[in-house]
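Working notes, structure below.
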Amino acid sequence: GLQGGKARALVETLSRLCCAVPDRASAEGARRMSGAPKTKDLTPQQVKAALDASQILLIDVREPDEFAAEKISGALNVPLSTFNPASLPDAAGKTVVLQCAGGKRSAMAIDKCRKANQAIETHLAGGLAAWKAAGLPTVTG
């Protein structure tokens, strides 16, 4: 009976070891989760208040034609297609907040900032769609 017990213990130890070493992809994911600062989501109301108080520099990462059609007053256009964290306008001590149509492209732009070691991690959650849903004004045409 002793032999069986030893073998079982060995199998358990081996399977524990196997499972304790995650594949590279999940290790990468875990490092991203814990090491990187989390993207900060601001509500439309928070962005509006901060804009009114001149505390933020709002950067719209949508394409120029989208920006021309409708935008948040005070936003600057730095399209994601040519987005370069190093050439962002000087925020002059303000917090840079990124914004797009629905929150997806601004999150991608934040990722580019992270990779370039730029301390930009804040965006308008839900983008222009959330801003309009909140009943906030836009500039059209």
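The values are calculated or read from the model by the stated rules, or taken from the named source; none is laboratory data. Remember, predicted model here, so these are calculated numbers, not experimental data. Just the protein is used for accessible areas: all its heavy atoms, side chains included, with ligands, DNA and RNA removed. Shrake-Rupley method; radii C 1.70, N 1.55, O 1.52, S 1.80 Å.
Here L124 clears all of (1) within 13 Å of K40 (Cα to Cα); (2) of a type outside the set (K, R); (3) open to solvent by 50 Å² or more (accessible area, probe 1.4 Å) except the condition numbered (3). Annotation: of all residues in region 55-72 being farther than 16 Å from H123 by Cα and not acidic (D, E), the one that is least open to solvent (accessible area, probe 1.4 Å) is F67.
Matching residues to (1) modelled with pLDDT of 95 or more; (2) β-branched (V, I, T); (3) part of a helix (DSSP H, G or I); (4) under 12 Å from L128 (Cα atoms):
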{"site": "L10", "(1), (2), (3), (4)": "no, no, yes, no"}
{"site": "T13", "(1), (2), (3), (4)": "no, yes, yes, no"}
{"site": "R32", "(1), (2), (3), (4)": "no, no, yes, no"}
{"site": "P37", "(1), (2), (3), (4)": "no, no, no, no"}
{"site": "A49", "(1), (2), (3), (4)": "yes, no, yes, no"}
{"site": "A68", "(1), (2), (3), (4)": "yes, no, yes, no"}
{"site": "V96", "(1), (2), (3), (4)": "yes, yes, no, no"}
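Please pick out the residue among T82, T43 that is open to solvent by 70 Å² or more (accessible area, probe 1.4 Å) and among the polar types (S, T, N, Q).
Working: T43 fails: open to solvent by 70 Å² or more (accessible area, probe 1.4 Å).
Matching residue, one of T82, T43: T82.
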